[in-house]
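The values are calculated or read from the model by the stated rules, or taken from the named source; none is laboratory data. All values derive from a computational prediction rather than experimental measurement. Note that we place each Cβ from the backbone using ideal geometry, even for glycine, and neighbour counts take in every protein chain shown. SASA here: full protein model, heavy atoms, side chains in, ligands and nucleic acids out. Shrake-Rupley method; radii C 1.70, N 1.55, O 1.52, S 1.80 Å.
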Amino acid sequence: MSLTFHWFLPTNGDSRHVVGGGHGTPATASGRDRPPTVAYLSQIARAAEDLGFAGALTPTGAWCEDAWLTTAMVSRHTERLKFLVAFRPGFVSPTLAAQMASTFQRQTGGRLLLNVVTGGESHEQRAYGDFLDKDARYRRTGEFLHIVRQLWDGKSVDLHGEHLRVEEAKLARLPDPVPEVYFGGSSPAAGQAAARYADVYLTWGEPPAQVAGKIAWVRKLAAEHGRTLRFGIRLHVISRDTSEQAWAEADRLLDGFDPETVRAVQTGLARSESEGQQRMLALHGGSRESLEIHPNLWAGIGLVRGGAGTALVGSHDEVAERIKEYHALGIDEFVLSGYPHLEEAYWFGEGVLPRLQAQGLWAHPVSRAAASAAVPFAG
């Protein structure tokens, strides 16, 4: 199977420094360096499209702009790029969400992917009026996805569940194609939900041995439901012509981490109920020392950023080798990002992707001659 690469739209702001925050912590001041305007995000999206990325992830939460609205606007400035829209199922009715997805597909020519985020921080959920505990949120997510998938199949749905109730729910117009569902999570409840309803299970960038364990766990759960899933990984990336240049950039980013900001973010993330977030924190322990936790895998981002906290760092050849290492475990999709997102898209897209293409592991979605030109730094 050819590898699939997605980029990231920084709807929390962008910078030449790491924009921290997430998982219940606010975006750091660096997020104001390049505000997440439609014009700037469209510039990133056009670059990703031209370079051959299949889609772009947008985050969800109080620290960023709304993903549905932002991607709907950015979609008008792109032609092929898909949008992996992160959303929390407890904040909107399942029937309305199914209808929104159907509308998005028609208006964009089928360019919606859905990243279902149950929500790992109760204090942030309560700010949105959601007072369920974590396990109850996962049970509600299961009911939500059951209803949505039934509606996308054209069925009329009646469900009186523990958390959700609908009667004679039906879509007047079905999505074409049906959006694929991406789902992550490290808790037992998350694994069960992914096994039953996801198309792609996403993990954050842990060392290969830990990723292999997750894949085996979710694959077994899915098989118990008679299903098979694809697997993806969420990573940052710093790829340069030489390894020395890449690590120098990592050191520059690390030097920009204010100690007080690191302490504040780590204190906030320590109370996270997300098992995935706790696994990210364990990779660095809040320390600036020994951050290369596997060859070319750097845990420095997680000192100031919640969620995905690791980066592939190295020469283009080294980064390509690490991608091949994860692929050998069963990872077929890579959701990547880097600071700043416009420039790093070009470093990776012009440095790593051609090497993978030469090895028959990736192909540009369209011929370069036919691709729309995306001019870096153009207004």
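Could you tell me whether segment 210-227 includes any residue that is touching a residue at least 40 places away in the same chain (Cβ under 8 Å), among the β-branched types (Val, Ile, Thr) and over 23 Å from Gly349 (Cβ atoms)? Write out each step before concluding.
Initially, segment 210-227 is screened for residues touching a residue at least 40 places away in the same chain (Cβ under 8 Å), giving 210-212, 215, 219.
Next, from what is left, pick out any that are among the β-branched types (Val, Ile, Thr): 211, 215.
Next cut, over 23 Å from Gly349 (Cβ atoms) only: 211, 215.
Scanning segment 210-227, I find at least one residue that is touching a residue at least 40 places away in the same chain (Cβ under 8 Å), among the β-branched types (Val, Ile, Thr) and over 23 Å from Gly349 (Cβ atoms), so the answer is yes.
Restricting to segment 220-243, give me the number of residues that are open to solvent by 30 Å² or more (accessible area, probe 1.4 Å) and either under 20 Å from the mean Cα position of the chain (by Cα) or closer than 22 Å to Ile301 by Cα (or both). So that I can check it myself, show each step before the final result.
If we filter segment 220-243 for residues that are open to solvent by 30 Å² or more (accessible area, probe 1.4 Å), which is where we start, we get 220, 223-228, 230, 241-242.
If we keep only those that are either under 20 Å from the mean Cα position of the chain (by Cα) or closer than 22 Å to Ile301 by Cα (or both) as well, we get 230, 241-242.
Residues in segment 220-243 being open to solvent by 30 Å² or more (accessible area, probe 1.4 Å) and either under 20 Å from the mean Cα position of the chain (by Cα) or closer than 22 Å to Ile301 by Cα (or both): 3 in total.
Identify, from the list Ala97, Ala56, the residue that is in a strand (DSSP E or B), without any contact (Cβ under 8 Å) to a residue 60 or more places away in the chain and in contact with a Phe, Trp or Tyr (Cβ under 9 Å, 6 or more places away or on another chain). Reasoning before the result, please.
Numbers: Ala97 fails: in a strand (DSSP E or B).
Unique residue meeting the criteria: Ala56.
Report yes if Leu164 is of a type in the set (A, V, I, L, M, F, W, C) and crowded, with 18+ Cβ neighbours inside 10 Å, otherwise no. If you could, list the steps in order and put the result at the bottom.
Numbers: of a type in the set (A, V, I, L, M, F, W, C): yes; crowded, with 18+ Cβ neighbours inside 10 Å: yes.
Against the criterion (of a type in the set (A, V, I, L, M, F, W, C) and crowded, with 18+ Cβ neighbours inside 10 Å), Leu164 qualifies.
With the requirement that a residue be within 16 Å of Arg305 (Cβ to Cβ), touching a residue at least 60 places away in the same chain (Cβ under 8 Å) and either part of a loop (DSSP other than H, G, I, E, B) or over 16 Å from the mean Cα position of the chain (by Cα) (or both), what does segment 1-13 give you?
Residues of segment 1-13 within 16 Å of Arg305 (Cβ to Cβ): 8-13.
Now drop any that are not touching a residue at least 60 places away in the same chain (Cβ under 8 Å), which leaves 8-10.
Result: Leu9, Pro10.
With respect to the numbered conditions (1) buried (at least 21 other Cβ atoms within 10 Å of the Cβ); (2) of a type in the set (Lys, Arg); (3) at pLDDT below 95, which one is the sole condition not fulfilled by Arg46?
(3)
Inspect all residues belonging to segment 168-175 and state whether any of them is touching a strand residue (DSSP E or B) at 6+ places or on another chain (Cβ under 8 Å), surrounded by 18 or more Cβ atoms within 10 Å (Cβ to Cβ), among the hydrophobic types (A, V, I, L, M, F, W, C) and in a helix (DSSP H, G or I). Even if it seems obvious, please write down each step before you answer.
Kept after step one, since they are touching a strand residue (DSSP E or B) at 6+ places or on another chain (Cβ under 8 Å), are these residues of segment 168-175: 168-170, 175.
Add one more test, that the residue is surrounded by 18 or more Cβ atoms within 10 Å (Cβ to Cβ), and what stays is 169, 175.
From the residues that got through so far, the ones that are among the hydrophobic types (A, V, I, L, M, F, W, C) too are 169.
Cutting the leftovers down to in a helix (DSSP H, G or I) gives us none.
Checked segment 168-175: no residue is touching a strand residue (DSSP E or B) at 6+ places or on another chain (Cβ under 8 Å), surrounded by 18 or more Cβ atoms within 10 Å (Cβ to Cβ), among the hydrophobic types (A, V, I, L, M, F, W, C) and in a helix (DSSP H, G or I).
Where residues in segment 25-43 are open to solvent by 30 Å² or more (accessible area, probe 1.4 Å) and outside any helix (DSSP H, G or I), which of them is farthest from Leu303 (Cα to Cα)?
Thr37
When residues of segment 100-146 are filtered for being within 17 Å of Ala194 (Cβ to Cβ) and in contact (Cβ under 8 Å) with a residue 40 or more places away in the chain, how many remain?
Quick first cut of segment 100-146, residues within 17 Å of Ala194 (Cβ to Cβ) only: 113-120, 134-135, 137-146.
Pick out the ones that are also in contact (Cβ under 8 Å) with a residue 40 or more places away in the chain and you get 113-118, 120, 134-135, 137-146.
Total meeting the criteria: 19.
Inside segment 100-143, can you point out the residues that are assigned to a helix (DSSP H, G or I), under 20 Å from Ala172 (Cβ atoms) and either open to solvent by 50 Å² or more (accessible area, probe 1.4 Å) or of a type outside the set (A, V, I, L, M) (or both)? Talk me through it step by step, then tell me what you get.
First pass over segment 100-143, keeping only residues assigned to a helix (DSSP H, G or I): 100-108, 122-127, 134-143.
Of the ones still in play, those that are also under 20 Å from Ala172 (Cβ atoms) are 100-108.
Residues satisfying the conditions are Met100, Ser102, Thr103, Phe104, Gln105, Arg106, Gln107, Thr108.
Leu159: more than 30 Å from Gly302 (Cβ to Cβ), without any contact (Cβ under 8 Å) to a residue 60 or more places away in the chain and in a strand (DSSP E or B), yes or no?
Values: more than 30 Å from Gly302 (Cβ to Cβ): yes; without any contact (Cβ under 8 Å) to a residue 60 or more places away in the chain: yes; in a strand (DSSP E or B): yes.
Taking the combined requirement at face value, the residue satisfies it.
Checking Val85 against (1) open to solvent by 40 Å² or more (accessible area, probe 1.4 Å); (2) at pLDDT 95 or above; (3) not polar (S, T, N, Q), which single condition isn't satisfied?
Unmet condition: (1).
Here's a check for you: in segment 62-82, which residue that is open to solvent by 10 Å² or more (accessible area, probe 1.4 Å) and of a type in the set (Gly, Ala, Ser) is modelled with the lowest pLDDT?
Ala62
Based on this model, can you work out whether Asp50 counts as acidic (Asp, Glu) and within 23 Å of Arg305 (Cβ to Cβ)? Even if it seems obvious, please write down each step before you answer.
Values: acidic (Asp, Glu): yes; within 23 Å of Arg305 (Cβ to Cβ): no.
Considered against the rule, which asks whether it is acidic (Asp, Glu) and within 23 Å of Arg305 (Cβ to Cβ), Asp50 comes out as no.
Determine which single condition Val181 fails, assuming it passes every other condition in (1) in contact with a Pro (Cβ under 7 Å, 6 or more places away or on another chain); (2) open to solvent by less than 20 Å² (accessible area, probe 1.4 Å).
(1)
Return the pair list, or none, for Cβ contacts closer than 8 Å from residues in segment 345-360 that are without any contact (Cβ under 8 Å) to a residue 40 or more places away in the chain to residues that are surrounded by 22 or more Cβ atoms within 10 Å (Cβ to Cβ) and of a type outside the set (Gly, Ala, Ser), at least 6 apart or on different chains.
From residues that are without any contact (Cβ under 8 Å) to a residue 40 or more places away in the chain, the pairs are Arg355/His316.
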